[in-house]
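Novice: The structure under discussion is supplied below as structure tokens; questions concerning it will follow.
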Amino acid sequence: MKTRQIWFNLPVKNVDLSKAFYEKIGFELNQSFDHSKNACSFFIGEQKIVMMLFQEEAFKGFVKSGIADLHNGNEVLLSISADSRQEVDEVATLVKEAGGVVFDPPKEIQDWMYGCGFQDIDGHKWNILFMDMLKVPS
């Protein structure tokens, strides 16, 4: 299989509120997919991975099943990189200001990473990490 692009889809309770959350924490809105009341899209990273946010009922139609209760468990932890420890701290602050939750505050991890865990307003969990490649154990 030759994959040219990757995107992932997340169910949200309110597309407008979720869109505002991700804009506040610095995600890049995909302007070419900003025409629906039931969905919106963001680019993530230099490779421009696409995150699609779908209103829950629309998402249920795609997966042909119910949606996991993220307050009782998790299906996935989405991880993104940071360019510095300062960026990790800044994202943690922005998440709180935007109404999200930092469930694992910024800290040193294994002597070569610095990161934190946060969840968006719908309970989707994220991990942001700065990795000091000069300190990676050999």
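Novice: With a 1.4 Å probe and every protein chain left in place, tell me how much accessible area Trp126 has, in Å² to the nearest 10.
Specialist: Surface accessible to solvent at Trp126 totals approximately 0 Å².
Novice: What are the ³J(HN,Hα) values, in whole Hz, obtained from phi via the Karplus relation 6.51 cos²θ - 1.76 cosθ + 1.60 with θ = phi - 60°, for each residue of the range 60-76 in sequence order, with x given for Gly and Pro?
Specialist: 4, x, 6, 8, 6, 7, x, 10, 4, 7, 6, 7, 10, x, 9, 9, 8
Novice: With a 1.4 Å probe and all protein chains left in place, how much accessible area per residue does the range 1-135 have, in Å²?
Specialist: I get 63 Å² per residue for this part.
Novice: Now a separate question. Using a 1.4 Å probe over the heavy atoms of the protein chains, calculate the carbon and sulfur portion of the accessible area of the range 68-121 as a whole percent.
Specialist: Ligands and nucleic acids excluded, carbon and sulfur give 47 percent.
Novice: Starting from the Cα of Lys37, draw a straight line to each of the aspartates and glutamates and keep only those under 20 Å, dropping any in the same chain fewer than 8 residues away.
Specialist: In chain and number order, the partners are Asp16, Glu23, Glu28, Glu56, Glu57, Asp120, Asp122.
Novice: With Rg and Dmax of the Cα atoms in Å as the read-out, I listed [x] 15.3, 47; [y] 16.8, 61; [z] 15.8, 50; which label goes with the value calculated from this structure?
Specialist: [z]
Novice: What FRET efficiency do you get for Lys13 and Ile80 if R0 is 22 Å and r is their Cβ-Cβ distance, rounded to the nearest 0.05?
Specialist: 0.45
Novice: Quick one: angle between helix 15-24 and the longest Cα principal axis of the chain, in degrees between 0 and 90, rounded to 10, please.
Specialist: Once rounded, one gets 20 degrees.
Novice: I've got another one for you. Could you sort 113-120, 8-15, 81-88 so that the peptide with the highest average Cβ count within 10 Å comes first and the rest follow in order?
Specialist: Going from most to least packed, we get 113-120, 8-15, 81-88.
The values are calculated or read from the model by the stated rules, or taken from the named source; none is laboratory data. Fair warning: this is a prediction, and the values are worked out from it, not measured in the lab. Reconstructed Cβ throughout: ideal geometry from the backbone, glycine too, with neighbour counts over all protein chains shown. The protein model used for the area step is the full one, side chains on, heavy atoms only, and it has no ligands, DNA or RNA in it. Shrake-Rupley method; radii C 1.70, N 1.55, O 1.52, S 1.80 Å.
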